[in-house]
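Below is one structure, written out as structure tokens; the observations come after it.
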Amino acid sequence: MAALDWSRIAADLDAYGCAVAGPLLGAAECAGLAAHYDDDARFRSRVVMARHGFGRGEYKYFARPLPAPVKALREALYPRFAPLANRWGEALREPARFPPTHEEFLERCRAAGQTRPTPLLLRYGPGDYNCLHQDLYGENVFPLQVAILLSEPGADFTGGELVLTEQRPRMQSRVEVPALRRGDGIAFAVNVRPVRGARGSYRVKMRHGVSRIRSGERFTLGIIFHDAE
């Protein structure tokens, strides 16, 4: 964490609503997490996207206790993003402020009935894709989340680019398609972010998805900081 360029990450999030943080996991850690997918005892639920109109492919939400790397990432990343989240909230004139530690934020979630963990593993095969969406699970929503690519583009799969869109008021949508390698983490806005205009900051809405997998298999770890109802 200390080796990452956090000032650049914050600047990219302010400018584009997303930032490639750099490598957060090594190759062995990526392979180990992807291998968890077939161990149903580690998960609380499985979602087949086609059944709900979400796209094609599937994902599973981890059960507690979370795998040690997942828990550690959640706890280490949250305090890096909390000051930015509070700055965004101030710019958008939102009343909620986020505490300095992740455990304090989870206490707030639990008090609102949000008790189910949201970190997840996603698996895509040939022809699979994920429609544009937002990961909102209740009253308490932390405005940033992180995705970590667990597979190597070009070697493990082709296609399957992460796609982020930004809907600006009275303007056409803007698209980001960041280049990721295995182990890279990308932070992006969950729902809305502030953009400075002539009369102060205004809000833009963001969504994310995954383009069609051409070949191979793609695994992703999703780190969402709020829990679900």
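The values are calculated or read from the model by the stated rules, or taken from the named source; none is laboratory data. Not measured: the values here are computed from a predicted model. Because the Cβ atoms are built from the backbone with ideal geometry, glycine has one as well, and the counts that use them run over all protein chains shown. The accessibility values were calculated without ligands, DNA or RNA, using every heavy atom of the protein model including side chains. Shrake-Rupley method; radii C 1.70, N 1.55, O 1.52, S 1.80 Å.
How big is the antiparallel share of DSSP beta bridges in the stretch 1-159, given as a percent to the nearest 5?
The antiparallel fraction comes to roughly 90 percent.
Computed FRET efficiency, Cβ-Cβ of HIS52 and GLU90, R0 30 Å: what is it to the nearest 0.05? Each step should come with its number before you reach the end.
Details: r = 36 Å, r/R0 = 1.18.
Between HIS52 and GLU90 the formula returns 0.25.
What is the extension gain from ALA111 to GLN167, computed as 0.36 nm multiplied by their sequence separation minus the C-alpha to C-alpha distance, in nm to one decimal? Can you show the working numbers first?
Details: separation 56, 0.36 × 56 = 20.16 nm, distance 3.23 nm.
Length gained, ALA111 through GLN167: 16.9 nm.
What percent does the relative contact order of the chain come to when contacts are Cα pairs within less than 8 Å and at least six residues apart?
On the way: 486 pairs, mean separation 67.2, N = 229.
Over the chain, the number comes to 29 percent.
Starting with the highest mean, order 9-21, 129-141 by the number of other Cβ atoms within 10 Å, averaged over the residues of each peptide. Mind dumping the intermediate values first?
Details: 9-21: 18.8, 129-141: 16.2.
Averaged packing, sorted descending, gives the order 9-21, 129-141.
Which ³J(HN,Hα) values in Hz, rounded to whole numbers, follow from the phi angles of the stretch 29-46 under the Karplus curve 6.51 cos²θ - 1.76 cosθ + 1.60, where θ = phi - 60° and Gly and Pro get x?
Listing the rounded values in order: 5, 4, 5, x, 5, 4, 5, 5, 4, 7, 9, 4, 5, 7, 10, 9, 6, 10 Hz.
Enumerate the calculated ³J(HN,Hα) couplings along the stretch 61-71 in order (Karplus 6.51 cos²θ - 1.76 cosθ + 1.60, θ = phi - 60°), each rounded to whole Hz, writing x wherever the residue is Gly or Pro.
Result, rounded to whole Hz: 8, 5, 8, 7, x, 5, x, 3, x, 5, 4.
I'd like the accessible area for ASP5: 1.4 Å probe, protein heavy atoms, all chains in place, Å² to the nearest 10.
That residue has around 80 Å² of solvent-accessible surface.
Given only helices, namely DSSP H runs of n ≥ 4 each adding -39500 (n - 2.57), what is the per-residue ellipticity at 222 nm of the chain, to the nearest 500 deg cm²/dmol?
Working: 5 runs with 58 residues, N = 229.
Using -39500 (n - 2.57) per qualifying helix, the result is -8000 deg cm²/dmol.
Using only the alpha-carbon atoms, what does the chain span along each of its principal axes? Please give whole angstrom values in decreasing order.
Answer, in whole Å and largest first: 49, 39, 39 Å.
Could you check how much of the accessible area of the chain is carbon and sulfur, as a whole percent, using a 1.4 Å probe? Walk me through the numbers on the way to the answer.
Working: 5550 of 10750 Å².
On the chain, the fraction of accessible area on carbon and sulfur atoms equals 52 percent.
How long are the semi-axes of the equivalent ellipsoid of the stretch 38-140, taking √(5λ) for every eigenvalue λ of the Cα gyration tensor, in whole Å from largest down? Intermediate results must be reported in sequence, preceding the final value.
On the way: eigenvalues 155, 65, 34 Å².
For the stretch 38-140, the semi-axes come out at 28, 18, 13 Å.
So for the stretch 6-114, taking the charge dipole from beta-carbon charges (+1 Lys/Arg, -1 Asp/Glu), which of LEU92, TYR78, ALA34 sits furthest toward the positive end?
Comparing the listed Cα positions along the dipole, LEU92 ranks first.
Whole number in Å², please: accessible area per residue of the stretch 127-182, 1.4 Å probe, ligands, DNA and RNA not counted.
Values: 2760 Å² over 56 residues.
Here the residues of the stretch 127-182 average 49 Å² of exposed surface.
Might you work out the accessible area of GLU103 for me, using a 1.4 Å probe with all protein chains in place, and round it to the nearest 10 Å²?
GLU103 exposes around 90 Å² with every protein chain in place.
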